[in-house]
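Each remark here refers to the structure printed beneath this line.
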2 protein chains.
Amino acid sequence: MLSQRLRYAALQDRVVTAEEAASWIEDGMTLGMSGFTAAGDVKVIPLALVERAKKLGKPFKVNVYTGASINSKIDGVLAESGIVNIRLPYQSEKRMRAALNNGDVCYIDQHLSHTAELLRSGAIPPVDVALIEAIAITEEGYIVPTTSVGNSHIFVAQAKEVIIELNMAQPLALEGLHDVYDPGHQGHRQPIPLTEAGQRVGTTAIAVDPAKIRGIVITNQPDVSSAIVPPDEETEQMAQHLLNFLKDEVAAGRLGPNLAPLQSGVGSVANAVFHGFLNSEFRDLEVYSEVLQDSVFQLLDAGKIKMASGCSFTLSPKTNEFVMENLDKYRDKLVLRPQEISNNPGLIRRLGLIAINTALEVDIYGHVNSTHVMGTQMMNGIGGSGDFARNARLTFFCTKSYAKNGKISSIVPMCSHVDHTEHDVDIIVTEQGLADLRGLSPRERAKRIIDNCSHPSYRPLLQAYYEEAVARGGHTPHIIEKALSFHARYVQTGSMLE
Amino acid sequence: MLSQRLRYAALQDRVVTAEEAASWIEDGMTLGMSGFTAAGDVKVIPLALVERAKKLGKPFKVNVYTGASINSKIDGVLAESGIVNIRLPYQSEKRMRAALNNGDVCYIDQHLSHTAELLRSGAIPPVDVALIEAIAITEEGYIVPTTSVGNSHIFVAQAKEVIIELNMAQPLALEGLHDVYDPGHQGHRQPIPLTEAGQRVGTTAIAVDPAKIRGIVITNQPDVSSAIVPPDEETEQMAQHLLNFLKDEVAAGRLGPNLAPLQSGVGSVANAVFHGFLNSEFRDLEVYSEVLQDSVFQLLDAGKIKMASGCSFTLSPKTNEFVMENLDKYRDKLVLRPQEISNNPGLIRRLGLIAINTALEVDIYGHVNSTHVMGTQMMNGIGGSGDFARNARLTFFCTKSYAKNGKISSIVPMCSHVDHTEHDVDIIVTEQGLADLRGLSPRERAKRIIDNCSHPSYRPLLQAYYEEAVARGGHTPHIIEKALSFHARYVQTGSMLE
Ligand SMILES: CC(C)(COP(=O)(O)OP(=O)(O)OC[C@H]1O[C@@H](n2cnc3c(N)ncnc32)[C@H](O)[C@@H]1OP(=O)(O)O)[C@@H](O)C(=O)NCCC(=O)NCCS
Ligand SMILES: CC(C)(COP(=O)(O)OP(=O)(O)OC[C@H]1O[C@@H](n2cnc3c(N)ncnc32)[C@H](O)[C@@H]1OP(=O)(O)O)[C@@H](O)C(=O)NCCC(=O)NCCS
């Protein structure tokens, strides 16, 4: 029933079609769209906009800002249509990736906690129109988001006009899960009062002057759920190394039995690790993360996790269906926050998180490349990995020790691109083993990473490189003309092996 | 008079010689020593310890933790004596540099705000003995630091024993300037209540159980003041570019006339910039920085700065003498804090700082190397530059466009070591000009950096590299086998020029 969803009567005459809403968007505008990891994204207006641009038959470009990645269909169609000028702060879609790698799209890869600040300070073009998916408009005309919060609050605050996609397929029972907190302008801020992972510090809807809401488009499409990557032998080995390490930390008294609030990136390793917690002795765990995946709900069901805070749900179709139908069961254990709060450096440090993220490659000194294949081709983006890695109490990076059937070593002499410096990386995990780098100087780090983490087929090559480098000396020994030789060889021969 | 300085009567019988204090330090111990940028460091016990180790005539090693760099004499003698195992988190001394670059010392280069957290979480060996310079011991037996706070509070909290150097040459009038705040353990923290640069949130002395104070050594040596590097033509040009940019930001409404709290690294560029403020229209400025240098006091005298917060004073002999004799004049305008507060990521973001730091080299995409000459030889360390750069509202990196009489270009295709990724760098300044990188994709960044910042003798080489790289494609175009060719050429021929 629309009246349950659209409770501010004066807005009821603003219901329009996607086409009409799209017709308000002009060439050169900046759009702030809801959506984080394909959750809670606007689903019809972007497609209508692409149609409008086609029909216009003249150059038409917009800037597209989101929370993080949006569902592949939208990012893909936007890329193909050629209407995107600037895209930020994150994407993970094949066609968008191609467009930004060939220079057609100006992609600005950002720490996910930074976008709101960059908008406030005027460092990037301001948002003209906010496109926000909602489950409801409240009695005050405020916007209740759906399965993510992302950057929606700042887009709404900054936009001249707001257009809502009121999605009847997103359950109204989501209402009450959100915790919208806007820290305000830098230099005029109070401390964010959050001191526990599950604490509520904000409001359940995004405040807005209803006069700014120009149109409301009614939709009825569930989120495009993510395919869940099942653990394979190697991700299970990685999870096991990591869990054993955590057990040892508890035994050594450096962590308590309920560890510290957990953050984990998306993907198979994260899922395998969280799966591993199911059969572990850890209890009363807390999650303070970006994305909440299937495994978080399994752990909630099993009573292992007592609270989970994130900024979006990214679930498989089956879990999504179950969760959306049983939200009452999880209501008091879940919080969805803006990404500048879920990823806030001050809060991550205050809470003392354990951060588990995935790398493309790691070098022998512990620098991490999360983004650029062979130093040049953008994969997805840095996402929140830097927000967490830098400020967490314990920072893990996981990667298989090799890629492309062994043609690539994920442990290299020098990263071809650095997203996380050795200062921010505590522990490297591959299927081969785990390297605890805390309190080690670079030379000690190199030995441990090569010995514990590299694939046996590359270990001798890495050892030889390291020994030759040490003979030249330096705090971080390198043979500068060979530091990227593994990559150069791959580009030339299709393999990093000699 | 000792009684004014040593007000806790029960400690009066603990006064000992430096030699006696040193005799309590055993092989394998970890020492937490006060001192930040050669301010407030312990001056006699480390030298006595070196003597003790010599006399022992058997292997003797200690770990040496400090706030940041200490005066060259101490770090140099420690390095020469060969008694240092681990050294952290920062140094800037010739002999220590040689020792760590040849692998004799295990140097752990850390973000300066991280050391206290790493100690709390047990990530690095704990402090056995704290050696702290003080102006006084209070009636409660608490320690009043001298010209820096640094990591002293955490060293004192963690050490089993504390030894004080009570320095009669440091004026008692420093008392009251310090603001010691310990955030407590991660996961059990309240928000740090600081919302303005000059606000006091802590205590004026370091709380300690006086029973832990094993000995007190009386000293009478002023800090070894820093030589002030006068601005030259090029640093003045850099300062001018930077100030013009700030004026434009005010004109564009992105900053107010009193800007935002300023942080600046040590050195000639920082001094030149601050000098430039003297004759500018900016007013009511605030400083929230690590080190307070001469120029801060000139600006205080001129009424340009209304508040300055730091974690140490690093002054030239003349300014030092004047300031120490006239502390009352500055009393209500100065605060000295622990480095985990001056450099706190949450506070830096909350206050929205303008951060001005210096780079060794910058690449065409805006990555910054602050530490490793030719990717291998450690210069000093990352210091606080990462704490500030990542979290500031506006992050500048300055460098002359060339080094070693033009044999080295400070703008290179790819940094030979990355301390700050492009995500953390807003603006590059050289004597040639300024590149505002905000809101630019990597390809746009490259053009702007090469055009505005590179030295004319290297510009064509950089342009040629960039064009060849773009022909290969990628979000961040590189020719992987040539990305470090400038460095390789320098290592081989002594010049980066072809
Ligand atoms: C780094 C990242 C791409 C790894 O993703 P993943 O799905 O766990 O890893 P996979 O092993 O499946 O690798 C993904 C692809 O990269 C390739 N790859 C992996 N390592 C590689 C390497 N060292 N060099 C080149 N390619 C590599 C794989 O072959 C695979 O390619 P394909 O898609 O053509 O099959 C992903 O975690 C990411 O985007 N991270 C950055 C953002 C982030 O960390 N977000 C979470 C923070 S909250
Ligand atoms: C980067 C840093 C070394 C620059 O120092 P500086 O004194 O401003 O710079 P200078 O131009 O005088 O250069 C210092 C030396 O590096 C050399 N140098 C400069 N650029 C170089 C380059 N690209 N490659 C090799 N050497 C270079 C200079 O020739 C000079 O050498 P010298 O000592 O033999 O004469 C210094 O700022 C630093 O240590 N920064 C890291 C810590 C930090 O930022 N702290 C403040 C944060 S709060």
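The values are calculated or read from the model by the stated rules, or taken from the named source; none is laboratory data. A quick note: this is a predicted structure, and the numbers were derived from the prediction, not measured. Positions of Cβ are generated from backbone atoms using ideal geometry, with glycine treated the same way; all protein chains shown enter the neighbour counts.
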Original post:
What are the residues in the range A:472-487 that are among the basic types (K, R) and within 8 Å of another protein chain (Cβ to nearest Cβ), if any?
Top reply: A:R472
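If a residue has to be under 14 Å from A:S441 (Cα atoms) and more than 9 Å from chain B (Cβ to nearest Cβ) to count, how many in the range A:366-381 make the cut?
Selection size over the range A:366-381: 1.
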Subject >> Qualifying residues in the range B:399-427 (those that are in a strand (DSSP E or B) and within 13 Å of ligand 2 (Cβ to nearest atom)) - the one nearest to the other protein chains (Cβ to nearest Cβ) >> reply: B:H420
Original post:
Which pairs have Cβ atoms under 6 Å, sit 6 or more apart or on different chains, and link a residue in the range B:256-275 that is on the phi > 0 side of the Ramachandran plot and not assigned by the TED database to the domain that holds B:A302 to one that is within 8 Å of ligand 2 (Cβ to nearest atom) and among the aromatic types (F, W, Y)?
Top reply: none
Original post:
If you scan the range B:242-266, which residues turn out to be away from ligand 2 (no atom under 13 Å from the Cβ) and either of a type in the set (K, R) or more than 14 Å from chain A (Cβ to nearest Cβ) (or both)?
Top reply: B:L242, B:L243, B:N244, B:K247, B:R254
Subject >> Sole exception among (1) surrounded by 23 or more Cβ atoms within 10 Å (Cβ to Cβ); (2) in contact with a helix residue (DSSP H, G or I) (Cβ under 6 Å, 6 or more places away or on another chain); (3) farther than 20 Å from B:C415 by Cβ for A:V412, by number >> reply: (3)
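Does A:S385 count as more than 8 Å from chain B (Cβ to nearest Cβ), polar (S, T, N, Q) and buried (at least 24 other Cβ atoms within 10 Å of the Cβ)?
On the way: more than 8 Å from chain B (Cβ to nearest Cβ): yes; polar (S, T, N, Q): yes; buried (at least 24 other Cβ atoms within 10 Å of the Cβ): yes.
For A:S385, the condition - more than 8 Å from chain B (Cβ to nearest Cβ), polar (S, T, N, Q) and buried (at least 24 other Cβ atoms within 10 Å of the Cβ) - is met.
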**OP:** Return yes when A:N380 is closer than 13 Å to A:S113 by Cβ and within 16 Å of ligand 1 (Cβ to nearest atom) and no when it is not.
**Re:** no
**OP:** Assess whether B:R438 counts as being outside any loop (DSSP other than H, G, I, E, B) and either in contact with a Leu (Cβ under 6 Å, 6 or more places away or on another chain) or of a type in the set (K, R) (or both).
**Re:** no
Original post:
A:D426: within 16 Å of ligand 1 (Cβ to nearest atom), touching a strand residue (DSSP E or B) at 6+ places or on another chain (Cβ under 7 Å) and not hydroxyl-bearing (S, T, Y), yes or no?
Top reply: yes
Original post:
So A:A22 clears everything in (1) more than 22 Å from A:A136 (Cβ to Cβ); (2) out of contact with any Asp or Glu (no Cβ under 9 Å at 6 or more places or on another chain); (3) surrounded by 16 or more Cβ atoms within 10 Å (Cβ to Cβ) except one condition, right? Which one?
Top reply: (2)
**OP:** Pick out the one residue from B:E196, B:E165, B:E133 that is in the same structural domain as B:E93 (by the TED database), assigned to a loop (DSSP other than H, G, I, E, B) and charged (D, E, K, R).
**Re:** B:E196
Original post:
With respect to B:N320, is the statement that it is in contact (Cβ under 8 Å) with a residue 60 or more places away in the chain, closer than 22 Å to B:A38 by Cα, in contact with a Phe, Trp or Tyr (Cβ under 8 Å, 6 or more places away or on another chain) and in a helix (DSSP H, G or I) true?
Top reply: yes
**OP:** Please go through the range B:97-108 and pick out each residue that is more than 7 Å from every other protein chain (Cβ to nearest Cβ) and closer than 14 Å to B:I382 by Cα.
**Re:** B:R97
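Determine which member of the set B:S92, B:S72 is more than 13 Å from every other protein chain (Cβ to nearest Cβ), within 16 Å of ligand 2 (Cβ to nearest atom) and closer than 25 Å to A:V425 by Cα.
The match here is B:S92.
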Subject >> Number of positions in the range B:276-294 that are surrounded by fewer than 24 Cβ atoms within 10 Å (Cβ to Cβ) and either within 25 Å of the chain's Cα centre (by Cα) or in contact (Cβ under 8 Å) with a residue 60 or more places away in the chain (or both) >> reply: 6
Original post:
Can you tell which of B:P456, B:P477, B:P460 is surrounded by fewer than 21 Cβ atoms within 10 Å (Cβ to Cβ), modelled with pLDDT of 95 or more and not in a helix (DSSP H, G or I)?
Top reply: B:P456
**OP:** Please verify whether the range A:430-441 includes one or more residues that are surrounded by fewer than 24 Cβ atoms within 10 Å (Cβ to Cβ), more than 23 Å from B:I86 (Cβ to Cβ), touching a helix residue (DSSP H, G or I) at 6+ places or on another chain (Cβ under 6 Å) and among the acidic types (D, E).
**Re:** yes
Original post:
For residues in the range B:267-294 being closer than 22 Å to B:V149 by Cβ, away from ligand 2 (no atom under 11 Å from the Cβ) and of a type in the set (A, V, I, L, M), which is nearest to the other protein chains (Cβ to nearest Cβ)?
Top reply: B:V287
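Taking A:E233 as the residue in question, decide whether it is within 14 Å of ligand 1 (Cβ to nearest atom) and away from chain B (no Cβ under 14 Å).
Considered against the rule, which asks whether it is within 14 Å of ligand 1 (Cβ to nearest atom) and away from chain B (no Cβ under 14 Å), A:E233 comes out as yes.
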Original post:
What do you reckon, is A:F396 assigned to a strand (DSSP E or B) and within 13 Å of ligand 1 (Cβ to nearest atom)?
Top reply: yes
**OP:** Determine if the range B:335-350 includes at least one residue that is near ligand 2 (Cβ under 9 Å from one of its atoms), over 23 Å from A:Y365 (Cβ atoms), touching a Cys at 6+ places or on another chain (Cβ under 8 Å) and part of a loop (DSSP other than H, G, I, E, B).
**Re:** yes
Original post:
Are any of the residues in the range B:453-471 facing chain A (nearest Cβ under 7 Å) and under 24 Å from B:S495 (Cβ atoms)?
Top reply: no
Original post:
B:G187 passes all but one of (1) within 30 Å of B:S23 (Cβ to Cβ); (2) within 14 Å of chain A (Cβ to nearest Cβ); which number fails?
Top reply: (1)
Original post:
Of the residues A:K333, A:K304, A:K329, which is free of Cβ contacts under 8 Å to residues at least 24 places away in the same chain, basic (K, R) and away from chain B (no Cβ under 14 Å)?
Top reply: A:K329
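Here is a yes/no grid of residues against (1) at pLDDT 95 or above; (2) under 24 Å from the mean Cα position of the chain (by Cα):
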| site | (1), (2) |
| --- | --- |
| A:T146 | yes, yes |
| A:I154 | yes, yes |
| A:I164 | yes, yes |
| A:N220 | yes, no |
| A:I228 | no, yes |
Original post:
Looking at this structure, is B:R120 of a type in the set (K, R) and within 14 Å of chain A (Cβ to nearest Cβ)?
Top reply: yes
Original post:
Can we say B:G184 is among the small types (G, A, S), under 24 Å from B:P46 (Cβ atoms) and part of a loop (DSSP other than H, G, I, E, B)?
Top reply: no
**OP:** Can you give me the number of residues within the range A:354-377 that are more than 19 Å from A:L88 (Cβ to Cβ), more than 15 Å from the chain's Cα centre (by Cα) and more than 8 Å from ligand 1 (Cβ to nearest atom)?
**Re:** 10
